[in-house]
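Below: one structure, written as structure tokens.
Each reported figure results from applying straightforward, stated rules to the coordinates on display, with no laboratory input. Note that the coordinates shown come from a computational prediction; the quantities given were computed from them, not determined experimentally. Every residue, glycine as well, gets a Cβ built from its backbone with ideal geometry; the counts of neighbours run over all protein chains shown.
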């Protein structure tokens with residue numbers, strides 16, 4: 001059906017819009033290119049009392065086999081926005097529908113540092129503040145100045161400052177306290193043009209040894225490392241149908257080290273971990289999976305674990321959402337029984353689990 005400016009389609013399969021290539025149909029589906037079209041699409045759903053889901057690049061998403069009974073809005077806003085240079089800082093306003101890696105490349109090609117370690121992450125710009133995307137020692141919140149969004153409570157467009165977004169590890173107000181309230185339409189980034197890459201991730205420091213790389217050199221190195229670990233989605237490769245890291249690295253109290261050491265009968269000093277806030281530590285979820293027997297290449301029917309990255313659950317061919325969920329549950333239960341930690345799923349769940 002055609003509204004004044006938006007076409008509403010029915011029963012559109014969602015699997016092709018996700019990197020896992022899994023999922024049933026959307027009852028209604030709208031491709032949105034402008035903010036007025038977004039308002040119109042939301043109005044269509046509200047008139048019919050339909051739930052709404054906003055789809056970006058589909059890279060951090062698990063869609064149920066039954067699909068979604070409401071309206072899926074696919075954000076395809078690409079119209080170029082403002083770019084200004086003030087006092088040595090570059091402000092880039094970027095529409096939500098732009099491919100994230102394309103934007104990272106464009107920034108690095110200008111010799112500007114700040115997001116080069118986030119190269120190769122699939123998805124669109126609009127999704128990055130929601131999860132506070134991070135990798136290889138950087139988080140997107142470090143360079144976000146503000147986020148423009150439609151407030152579904154007031155149906156007004158608002159500009160939220162970095163502080164108002166409530167960024168934390170893989171979190172923001174958009175996926176916690178104000179989940180389902182805002183639809184991100186653009187993100188404004190602020191880059192210090194005098195900044196040079198600061199590398200903390202071990203693979204990157206080894207790659208460059210003592211050299212001081214340029215942003216574009218770091219960009220290419222990160223993509224190479226991601227590719228070697230199966231975290232760069234390349235069509236045709238056996239591990240390409242993935243949602244990236246399926247589990248978040250758990251943050252626990254420091255005392256958990258003693259519990260894990262006892263459960264695994266190893267020295268506490270041999271447990272990899274990093275400091276977090278408030279006397280807590282962050283544990284590598286991949287290490288916990290491996291201790292529980294879920295290693296690279298693990299297979300369970302049509303689903304499994306990437307041959308190059310322990311945290312990437314993959315569709316090995318014709319997999320269903322139910323099969324991914326069964327593998328997820330098996331891993332969560334085994335890790336919980338082994339060390340007392342319930343791993344948290346990172347991809348967004350759409351539809352019934």
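Here is how the numbers come out for the structure above:
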read-out	value
Percent of beta bridges antiparallel (DSSP, the chain, rounded to nearest 5)	80 percent
The range 312-331-the range 175-232 distance, computed between alpha-carbon centres (Å)	28 Å
Among 255-265, 213-223, 21-31, the order from most to least packed when residues are scored by Cβ within 10 Å on average	21-31, 213-223, 255-265
Estimated 222 nm signal from helices in the chain, with DSSP H stretches of n ≥ 4 weighted -39500 (n - 2.57), rounded to 500	-7000 deg cm²/dmol
Distance histogram in 10 Å bins (all Cα pairs of the range 95-162, percent per bin)	20, 51, 23, 6, 0
Evaluated at q = 0.18, 0.23, 0.24 Å⁻¹: base-10 log I(q)/I(0), Debye formula over Cα of the range 258-337	-0.80, -1.07, -1.12
Overall Cα dimensions of the range 120-226 - principal axes, largest extent first, Å	52, 26, 20
Highest to lowest packing among 188-197, 105-114, 127-136, scored as the average C-beta count within 10 Å	127-136, 105-114, 188-197
Ordering of 68-75, 144-151, 157-164, 268-275 by burial proxy (mean other Cβ atoms within 10 Å per residue, highest first)	68-75, 144-151, 157-164, 268-275
Span from the the range 89-135 Cα centroid across to the the range 1-67 one, whole angstrom	24 Å
Equivalent ellipsoid, the chain (semi-axes from 5 times Cα gyration tensor eigenvalues, Å)	32, 27, 19
